[in-house]
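The values are calculated or read from the model by the stated rules, or taken from the named source; none is laboratory data. Everything numeric here is computed off the predicted structure, so don't read it as measured data. Neighbour counts are summed over all protein chains in view; Cβ atoms, including those assigned to glycine, are modelled from backbone coordinates with ideal geometry.
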Amino acid sequence: MIASTRPGQVLTEYFDTNIPSVLIHEIIDGKPLYRKGYREVLAKTKNVEDIMGSSSLQFFIIEYLLRILFKTVDSSLYIIATNEAGLHLDRRNNLSGDIAIFDRDVLTINKINKYYSNVPPKISIEIDLDIELEEFTETGYITIKTKKLLEFGAEKVIWFLTESKKVMVATTTGEWQTFDWNIDVEILDGIVCNVGEYLTNEGSEFA
């Protein structure tokens, strides 16, 4: 997914014209953040397709979360988006998300089009980082992206991190919390998940 809503819509003061736009994952404050592995593509040791997808562990977790959501979320109230759902925050910021839950009263049918959504999700869920950490540390990137989402209007941002086996939950109304991922996490409306427990029950070595 190319990180722009339409030609000329996003200001990228630091855009390197030698790097194809397909290698941009997001744009924050006018700075393009490149997909993990983009240097290998430029060096021609990998193809673009080699770096576009999630790892099997990531999509295993995403599938688990989506299965819970599609079974329990009231589809008359919410829209569940995935596949790097794009968000156009303003002229200097485009973000993408692994799973985004939108309120149907906010993402109304007249706002569904061929461009990134310009309205905030109610809940944003992220599994790991998909960028090369050049502009930020891991903590710095998670912090600034989370702040951008909350300021945009998201009520909750949830991060699942496979290396540290941690969950980070941030809301507009309380302190941000980080804890081990083998406890129940409420997504919304009493709907909970437990990634660590799920991986353990499935016999995964990454639990």
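Taking residue 68 as the residue in question, decide whether it is closer than 16 Å to residue 202 by Cα, buried (at least 17 other Cβ atoms within 10 Å of the Cβ) and not aromatic (Phe, Trp, Tyr).
On the way: closer than 16 Å to residue 202 by Cα: yes; buried (at least 17 other Cβ atoms within 10 Å of the Cβ): no; not aromatic (Phe, Trp, Tyr): yes.
Spelling it out, it is not the case that residue 68 is closer than 16 Å to residue 202 by Cα, buried (at least 17 other Cβ atoms within 10 Å of the Cβ) and not aromatic (Phe, Trp, Tyr).
Going by the conditions given, is residue 63 modelled with pLDDT of 90 or more, of a type in the set (D, E, K, R) and part of a helix (DSSP H, G or I)?
Numbers: modelled with pLDDT of 90 or more: yes; of a type in the set (D, E, K, R): yes; part of a helix (DSSP H, G or I): yes.
Spelling it out, residue 63 is indeed modelled with pLDDT of 90 or more, of a type in the set (D, E, K, R) and part of a helix (DSSP H, G or I).
Considering only residues of segment 159-180 that are more than 23 Å from residue 121 (Cα to Cα) and in contact with a Phe, Trp or Tyr (Cβ under 8 Å, 6 or more places away or on another chain), which is surrounded by the fewest Cβ atoms within 10 Å (Cβ to Cβ)? Even if it seems obvious, please write down each step before you answer.
Step one: of segment 159-180, the residues more than 23 Å from residue 121 (Cα to Cα) are 162-165, 179-180.
Keeping just the survivors that are in contact with a Phe, Trp or Tyr (Cβ under 8 Å, 6 or more places away or on another chain) gives 162, 165.
Values: 162: 17, 165: 15.
Within segment 159-180, the match that is surrounded by the fewest Cβ atoms within 10 Å (Cβ to Cβ) is 165.
Confirm whether residue 140 is exposed (fewer than 14 other Cβ atoms within 10 Å of the Cβ), free of Cβ contacts under 8 Å to residues at least 40 places away in the same chain and either of a type outside the set (D, E, K, R) or in a helix (DSSP H, G or I) (or both). Quick ask: steps written out before the conclusion?
Details: exposed (fewer than 14 other Cβ atoms within 10 Å of the Cβ): yes; free of Cβ contacts under 8 Å to residues at least 40 places away in the same chain: yes; either of a type outside the set (D, E, K, R) or in a helix (DSSP H, G or I) (or both): yes.
Against the criterion (exposed (fewer than 14 other Cβ atoms within 10 Å of the Cβ), free of Cβ contacts under 8 Å to residues at least 40 places away in the same chain and either of a type outside the set (D, E, K, R) or in a helix (DSSP H, G or I) (or both)), residue 140 qualifies.
Show the residue pairs meeting these rules: Cβ distance below 6 Å; 6+ apart or different chains; first residue within segment 60-78 and at positive phi; second residue surrounded by 18 or more Cβ atoms within 10 Å (Cβ to Cβ) and part of a helix (DSSP H, G or I).
From segment 60-78, no pairs qualify.
If we keep just the residues of segment 111-124 that are out of contact with any Asp or Glu (no Cβ under 6 Å at 6 or more places or on another chain) and in contact (Cβ under 8 Å) with a residue 60 or more places away in the chain, which is surrounded by the fewest Cβ atoms within 10 Å (Cβ to Cβ)? Lay out the reasoning, then the answer.
Residues of segment 111-124 out of contact with any Asp or Glu (no Cβ under 6 Å at 6 or more places or on another chain): 111-121, 123-124.
Applying the additional criterion that residues be in contact (Cβ under 8 Å) with a residue 60 or more places away in the chain yields 115-116, 118, 123.
Values: 115: 13, 116: 20, 118: 16, 123: 26.
Residue satisfying both the conditions and the ranking: 115.
Taking segment 25-68 as the search range and keeping residues that are over 14 Å from the mean Cα position of the chain (by Cα) and β-branched (Val, Ile, Thr), which one is farthest from residue 148 (Cα to Cα)?
Among them, the one singled out is 45.
With respect to residue 155, is the statement that it is free of Cβ contacts under 8 Å to residues at least 12 places away in the same chain and closer than 13 Å to residue 125 by Cα true?
Numbers: free of Cβ contacts under 8 Å to residues at least 12 places away in the same chain: no; closer than 13 Å to residue 125 by Cα: yes.
For residue 155, the condition - free of Cβ contacts under 8 Å to residues at least 12 places away in the same chain and closer than 13 Å to residue 125 by Cα - is not met.
Within segment 86-97, is there a residue that is modelled with pLDDT under 95, assigned to a loop (DSSP other than H, G, I, E, B) and not charged (D, E, K, R)?
no
Looking only at segment 149-207, which residues are under 22 Å from residue 72 (Cβ atoms), assigned to a loop (DSSP other than H, G, I, E, B) and among the aromatic types (Phe, Trp, Tyr)?
181
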